[in-house]
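A.B. asks: Pasting a structure below so you can have a look.
A short reminder: the numbers here are calculations on the coordinates, not readings from a lab. Remember, it's a predicted structure, so these values are computed and weren't measured experimentally. Here Cβ is always computed from backbone atoms with ideal geometry, including for glycine, and neighbour counts include all displayed protein chains.
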Amino acid sequence: MSVTAEEAWVRQAKAQSALSKLFDWKPFLVFVCMLPAAGLLLVFLTYPLGLGIWLAFTDTTIGRSGRWVGLENFEFMLEDPIWWNAVFYSVFYTGVATVLKFGLGLWLALLLNNHLPFKSMLRAIILLPWIVPTVLTAVAFWWIYNPQFSIISWVFIELGLRETNIDFINTAWPARWSLIAANVWRGIPFVAISLLAGLQTISPSLYEAALLDGSTGWQRFRYITFPMLLPILAIVMTFSIIFTFTDFQLVYAITRGGPVNSTHLLATLAFQRGIPGGQLGEGAAIAVSMIPFLVFATLFSYFALARRKWQQGESND
Amino acid sequence: MANIITRRSILGAGAGMAALAAGGQALAQNRVQGDASVTAPRLAIENGATLRVLRPVRFVQPDEEVFRASAARFTQATGVQVRVDFVGWEDINQQTAVTANTGAGPDIIIGFNEAPHIYADKLIEVSDVAEYLGRKYGGWMFVGEKYGKRHNSNNWIGLPFGGTAGPLVWRKSAVNEVGYQSPPTDLPGFLEMCRRLRRANKPAGFALGNAVGDGNGFANWLMWSHGAGITDPAGAVSVNSPQTLAALNYLRELYPTFVDGGTISWGDISNNQAYAANSLFVTSNGVSLYFALKNDPATRAIADDTEHSVMPLGVADSWPSAPLTLNGMVFRHSRFPNAAKAFLLHMMEGEQYEPWLNANLGYWAHPLTAFKDAAVWTSDPKVAIFRDSMNNKFWNGYRGPLSEASGQANAEYVLVQMFASVAAGQATPEAAMREAERRARRIFRR
């Protein structure tokens, strides 16, 4: 054993390895940390979307991989009255259902914003239609609209108000309205609860000030509630329009696009062509044709209803 | 005696009882004798072979039990391990497509209808097995041969395993009440009966909604009983024809006699519900409706009052109905093609096939003539009509060749919607026919 006195220990500055240097380099580190997320997006979002768009330009069927056919699918689509009908009904369905959902949802939110007994209980109950899986809703409405066993028809007949069953889904227009009613019933809670959340962020002092100024209830709604609600309204409406426009389950489970294709939405028509019909290419083309509508709807609600600077106390540009 | 029937039917409901118990003693006996002088093809089973088989799920529990037991006997006899998977009916076409395209997956799929004709170049021929079975068991029945052989050839690419058709289902009391012993077999007489039933408030009803089985079955009946067809024998679209027009005009008179509320939104289950609820008295359905009624004490009386008969023939010379057909195929990618063929052969030999047929209580009908003597066809007189299902002279896409397009026309309800739009008054018969022609041309363009 050596007994020589040790020299004062000096910490050796370790030479940094190349790897560690690399990881200390910020741009690289950022890139690496983003990779998993980017990978997920690529695999589960970009690839399917890209594949869908690619398929739309081929004549792929379920039994056979396709050839590139250019715009042929789209050309056929534009000549196909069934597609035009689906475009019409998708827009009509989305438009009418959105107006009704927001009208009724806002009203419900305003009611729930008051002090009521059993407030939380009521709010929970309001959410029920939205919590129930869509397919169950659809099955319930399928029974309610059943041409032979509708409970509504039964009640009317038992009360002596009608002789025959009500035609809910047997002819085109009643079927269209019936589906919209089912969609509205399902969609109101989402709108109401989201708007209620928005309402609760509005500072009560604004209302107090308005009260002192002698405002009426309508004025308070028009000049305080509504403008303060607009930003959240924009977001909720964007989501609602997208969900409604791409709705599938309600329509497919209740009418399957019938009677005679009059209630096909673009989503149900795309599925019908693509999967049971086997024409993946045509189905994909129909699905792709939804994209412009969705982009337009999103841009509209974003720009028309988006947050304005004056809401943060600045002036508009 | 009543006790026995009750016991049998309750067991037959499929509560997991063995097929033999379900059918009683009579069904346990093998009655069909094949021609023993016919020698089976020599299939040298590959060493170490294993098989994967895919088939649609059962109607009744004993179907699966007997099928598995027969497969187990194959393993015992040959040492070939067989794995059988049962998949939902909606999925079998897609799974067949994926198997054919990827060249991987099951060795054997027992699919539906035209599947072997769509994937013909992905399959190995089974002519030796089919010809042997045909010679031994009195020949293939019409639909069996149609779905088995490649178009215009004697090469078998599919081995039809069974079929099921939807006859006229009617309440005896209602039909008698309006003055008939049984429904008239001619079209004008049938219309008149439906009118009388309507007046007696015991209406008929046939699905005109997007119902894969019932809707297409009814539309096909309307077409074929008037001599119309979606394509001609060469496969060219022929829907726009005077015969189709006659069918459309016939429906225009028939539809107002249908049940209150109409049938344009009907799915496959709707007529079953209405019939079981005593609001529908004449319809068309597979045997499942009858058994559902019979096995439920609450509707037993309806079952007792129910009869089956062939839909009115019109100008057709056989029952105008295309049976849904189980069609076995062996894929080229199978490493053990001989074992696969031997397996199908084994399953269709009388020792295996007859108990299976009996276990199915009439849900599936045989494609080989000799099995007409199987006990199931005398087990319940109301089931007897299904015995000859495979002797119909009709198939999906009649009169053209079996193809992907004929399946697609069915799946997209081209004919059903043509009829429905006329029944609903949305289109004139001429306009509806032109629209159907436009859609059919697109579908049959290849």
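A.B. asks: Got a sec? How would B:198, B:445 order by Cβ neighbour count within 10 Å, fewest to most?
C.D. replies: B:445, B:198
A.B. asks: Continuing with this model, one more query. Would you kindly state how much longer the chain becomes between residue A:92 and residue A:249 on full extension, computed as 0.36 nm times their sequence separation minus their alpha carbon distance, in nm to one decimal?
C.D. replies: Taking residue A:92 through residue A:249 to full extension adds about 54.8 nm, to one decimal.
A.B. asks: What residues qualify as long-range amide H neighbours of residue B:84, i.e. H under 5 Å apart, gap of 5 or more or another chain, H built at 1.01 Å from N?
C.D. replies: The list, which skips near neighbours in sequence, is B:53.
A.B. asks: Find the centroid of the Cα atoms in the range B:409-446 and in the range A:202-253, then give the distance between the two in whole Å.
C.D. replies: Comparing the Cα centres of the range B:409-446 and the range A:202-253, I get a distance of 46 Å.
A.B. asks: Oh, and also: Amide H of residue B:112 versus every other amide H placed in the peptide plane: which residues, excluding those fewer than 5 positions away on the same chain, fall under 5 Å?
C.D. replies: B:327
A.B. asks: How high is the relative contact order of the range A:72-310, in percent, with contacts defined as C-alpha pairs under 8 Å that are six or more residues apart?
C.D. replies: 29 percent.
A.B. asks: Find the centroid of the Cα atoms in the range B:95-131 and in the range A:141-194, then give the distance between the two in whole Å.
C.D. replies: About 45 Å separates the Cα centre of the range B:95-131 from the one of the range A:141-194.
A.B. asks: Taking a ≥ b ≥ c as the square roots of the Cα gyration tensor eigenvalues, with a/c under 1.5 meaning rounded and otherwise prolate when a/b beats b/c, else oblate, which class fits the range B:236-289?
C.D. replies: prolate
A.B. asks: Let me ask something else. Give, rounded to the nearest 20 debye, the magnitude of the charge dipole that the protein assembly as shown has about its Cα centre when Lys and Arg contribute +1 at Cβ and Asp and Glu contribute -1 at Cβ.
C.D. replies: 560
A.B. asks: May I ask which residue of A:177, B:120, A:61 lies farthest towards the positive end of the charge dipole of the protein assembly as shown, with charges of +1 (Lys, Arg) and -1 (Asp, Glu) on Cβ and the Cα centre as origin?
C.D. replies: Of the listed residues, the answer is A:177.
A.B. asks: Restricting to DSSP H runs of at least four residues, report the calculated mean residue ellipticity at 222 nm for chain B, -39500 (n - 2.57) per run over all residues, nearest 500 deg cm²/dmol.
C.D. replies: Value at 222 nm, helices only, nearest 500: -12500 deg cm²/dmol.
A.B. asks: When you look at the Cβ of every residue in B:253-263, what mean number of other chain Cβ atoms sits within 10 Å?
C.D. replies: 3
A.B. asks: Using a 10 Å cut-off around each Cβ, can you sort B:121, B:380, B:304, B:63 from fewest to most neighbouring Cβ atoms?
C.D. replies: The order, fewest Cβ neighbours first, is B:121, B:304, B:380, B:63.
A.B. asks: While we're on this one: Given DSSP loops and a limit of at most 12 other Cβ atoms within 10 Å, what is the longest stretch of chain A that contains no such GluC sites (Glu not before Pro)?
C.D. replies: Between exposed loop sites, the widest span is A:8-162.
A.B. asks: Among A:21, A:101, A:119, determine the one that fluctuates most according to a GNM of chain A built with springs between C-alpha atoms less than 10 Å apart.
C.D. replies: A:21
A.B. asks: For a quick check: sort A:46, B:378 by the number of other beta carbons within 10 angstrom, fewest at the front.
C.D. replies: Listing A:46, B:378 from fewest to most nearby Cβ atoms yields A:46, B:378.
A.B. asks: Rounded, prolate or oblate: which fits the range A:145-200 when a ≥ b ≥ c are the square roots of the eigenvalues of the alpha-carbon gyration tensor, with rounded for a/c under 1.5 and prolate only if a/b beats b/c?
C.D. replies: It is prolate, given that a/c is not under 1.5 and a/b is the larger ratio.
A.B. asks: Could you tell me what % of all Cα pairs in chain B have separations over 37 Å?
C.D. replies: Value for chain B (Cα pairs over 37 Å): 25 percent.
A.B. asks: Let me ask something additional. Which one of A:287, A:124, A:138 has the biggest mean-square fluctuation once chain A is modelled by GNM with Cα springs under 10 Å?
C.D. replies: A:124
A.B. asks: Counting other Cβ atoms within 10 Å, which chymotrypsin sites (Phe, Trp or Tyr not before Pro) in the range A:30-122 have at most 16 and lie in a DSSP loop?
C.D. replies: A:118
A.B. asks: Please report the orientation-averaged projected area of chain A, defined via the convex hull of its C-alpha atoms, in nm².
C.D. replies: Orientation-averaged projected area of the Cα hull: 35.1 nm².
A.B. asks: I'd like the distance separating the alpha-carbon centroids of the range A:52-99 and the range B:190-261, in whole Å.
C.D. replies: A separation of 30 Å, based on Cα centres.
A.B. asks: Let me ask something additional. For n ≥ 4 DSSP H runs only, could you compute -39500 (n - 2.57) per run for chain A, divide by its residues and tell me the 222 nm figure to the nearest 500?
C.D. replies: Estimated from H runs of four or more residues: -20500 deg cm²/dmol.
A.B. asks: Among DSSP beta bridges lying fully in the protein assembly as shown, give the percent that are antiparallel, nearest 5.
C.D. replies: 70
A.B. asks: In terms of Cα to Cα distance under 19 Å, which lysines are near enough to residue B:136, apart from those fewer than 8 places away along the same chain?
C.D. replies: Cα-Cα hits under 19 Å: B:146, B:149, B:341, B:372.
A.B. asks: Can you tell which of A:77, A:237, A:34 shows the greatest fluctuation in a Gaussian network model of chain A with Cα springs below 10 Å?
C.D. replies: Sorting by GNM fluctuation, first place goes to A:34.
A.B. asks: Once the Cβ-Cβ distance between residue A:162 and residue A:75 is put in as r, and R0 is 45 Å, what FRET efficiency do you end up with, to the nearest 0.05?
C.D. replies: With a Förster radius of 45 Å, E is 0.40.
A.B. asks: Looking only at chain B, where both bridge partners belong to it, what percent of the DSSP beta bridges are antiparallel (to the nearest 5)?
C.D. replies: 65
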